[in-house]
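Colleague: Please read through the structure below; I'll follow up with questions.
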Amino acid sequence: MIRERKFMKKINRYADEKQSRVILALDISKEIPVNREKWDSYKKELLKKAIDVLKLTADYIVAVKINRQMVLPLGLTDRLPELLDIATDLDILKIMDAKINDVGHTNTWIAKHYFSVGFDAIIANPFVGWKGAMEHVFDEAGNDRGVILLTYMSHPGAIEGYGLKCSNESKTKTLYQIFASRAIEWNADGVIVGATHIEKLSEISQMLKNKVDIYSPGIGAQGGSLELAFKNGCDFGIIGRAIFQSKDPQQAAYEFKKVTQKFFYT
C-alpha cells in the first residue's frame, strides 16, 4: 500500500500559508550542573529560553526540529511536552531528529514514544535497511506522521560514510545515491541533505525529481547558504545557531524567511 504522506502535504501547505520554508533547529545547549539540587532550575531556564525563541520566530518558521540537546535535559515525558504544546498552539510542526538506526522492535518503540508525546515527523537512518528495521518506523508513522531519511549530512566527514561506493554485480553506486533511491521506493516524506555540500544537493535533487522533499541543515553556523541551497534543489532550510544565538532571533528568522519568499513566493 502506498503511503498518503499527509505530513509532506501538510508542511507544504503550512509553507505556502506562511510564505516561509524555514525550519528552526532548536538545539540550545546548556551544561548540566554537577549539583543535582540545581537540576530543576536548570531545566526551567533551558525551557524558558527555548520557548522565548520559539515565540519570537513563530511567524517566520513552518516547523521546529528538536534534537537530543533538548530531549535529554528536558525529558521526553517531563518538561519537553510543554515546549511541544506551545509549538502546536503557534501552528508550528514538530520534527524529532532521532536519527533512528536500529532493529525493528527497538525502532517501533522509539518512534512510538516520540509520536506519542506530540512529534509530527521523525528523522531516521536508512542504512539499516527495510526488512526488520526501517519498515517498523514507517508502520508506526502510518499515513499521518512523517518519516525523513538521512541521505547526506552536513558535517565535513560526511563523505567518509555517505560517499562510500557499493558494488552490486556490474553497478557501482554511492550510499547517498542508494539512500535517495530508497526515499522514493519507501515513500518517505523527505530526505536530509546538507547545505554545505552543494554538489551533492544538486545531484540528489535531480535524482529525486521533486518526488520527495529535501531538508537542508548546515545553514549559517556551518557555512551553508540558504540561497545556494534553494538554487540547488532544497525545499526546506534547517537553521539553528544562526537564529537562536543571534542577538535578535526574530530579525534573523525574518531575514531567512525573506530568502524563501525570493525563491518560492514572488
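The values are calculated or read from the model by the stated rules, or taken from the named source; none is laboratory data. A quick note: this is a predicted structure, and the numbers were derived from the prediction, not measured. For neighbour counting, all protein chains shown are included, and Cβ atoms are generated from backbone atoms with ideal geometry for every residue, glycine included.
Colleague: Could you please give the count of residues in region 231-246 that are in contact (Cβ under 8 Å) with a residue 60 or more places away in the chain, assigned to a helix (DSSP H, G or I) and surrounded by fewer than 24 Cβ atoms within 10 Å (Cβ to Cβ)?
Modeller: The number of residues fulfilling the criteria is 2.
Colleague: Name every residue in region 174-223 that is of a type in the set (Ser, Thr, Tyr), more than 20 Å from residue 98 (Cα to Cα) and under 18 Å from the mean Cα position of the chain (by Cα), in order of residue number.
Modeller: Going through region 174-223, the residues of a type in the set (Ser, Thr, Tyr) turn out to be 174, 176, 181, 196, 202, 205, 215-216.
With the extra rule that they be more than 20 Å from residue 98 (Cα to Cα), the set shrinks to 174, 181, 196, 202, 205.
Scanning region 174-223 gives 196, 205.
Colleague: Could you list all residues from region 98-109 that are of a type outside the set (A, V, I, L, M, F, W, C) and loosely packed, with under 13 Cβ neighbours inside 10 Å? Show your work before the answer.
Modeller: Initially, region 98-109 is screened for residues of a type outside the set (A, V, I, L, M, F, W, C), giving 99, 101-102, 104-108.
The one that is of a type outside the set (A, V, I, L, M, F, W, C) and loosely packed, with under 13 Cβ neighbours inside 10 Å: 105.
Colleague: Also, quick follow-up: Hey, does region 220-227 have a residue that's closer than 21 Å to residue 95 by Cβ, of a type outside the set (Ser, Thr, Tyr), assigned to a helix (DSSP H, G or I) and at pLDDT 95 or above?
Modeller: Going through region 220-227, the residues closer than 21 Å to residue 95 by Cβ turn out to be 220-222, 224, 226.
Keeping just the survivors that are of a type outside the set (Ser, Thr, Tyr) gives 220-222, 224, 226.
Those still in the list that are assigned to a helix (DSSP H, G or I) too: 226.
Those still in the list that are at pLDDT 95 or above too: 226.
Yes; the residues of region 220-227 include at least one that is closer than 21 Å to residue 95 by Cβ, of a type outside the set (Ser, Thr, Tyr), assigned to a helix (DSSP H, G or I) and at pLDDT 95 or above.
Colleague: All but one of (1) under 26 Å from residue 257 (Cβ atoms); (2) free of Cβ contacts under 8 Å to residues at least 60 places away in the same chain; (3) out of contact with any helix residue (DSSP H, G or I) (no Cβ under 8 Å at 6 or more places or on another chain); (4) of a type in the set (A, V, I, L, M, F, W, C) hold for residue 72, so report the exception by its number.
Modeller: Unmet condition: (1).
Colleague: To continue, here is another question. When you scan region 181-188, do you find a residue that is touching a Leu at 6+ places or on another chain (Cβ under 6 Å) and closer than 22 Å to residue 7 by Cα, even just one?
Modeller: Filtering region 181-188 down to residues touching a Leu at 6+ places or on another chain (Cβ under 6 Å) leaves 183, 188.
If we keep only those that are closer than 22 Å to residue 7 by Cα as well, we get 183, 188.
Looking for residues that are touching a Leu at 6+ places or on another chain (Cβ under 6 Å) and closer than 22 Å to residue 7 by Cα, one finds at least one in region 181-188, hence yes.
Colleague: Only one of these is over 16 Å from residue 65 (Cα atoms), of a type in the set (S, T, N, Q) and out of contact with any strand residue (DSSP E or B) (no Cβ under 9 Å at 6 or more places or on another chain): 246, 205. Name it.
Modeller: 246
Colleague: What helices (runs of 4 or more DSSP H) lie completely within region 1-97 and have 1 or more residues being among the small types (Gly, Ala, Ser) and either loosely packed, with under 13 Cβ neighbours inside 10 Å or modelled with pLDDT under 95 (or both)?
Modeller: Numbers: elements: 6-18, 39-57, 68-74, 80-89.
Those helices (runs of 4 or more DSSP H) span 39-57.
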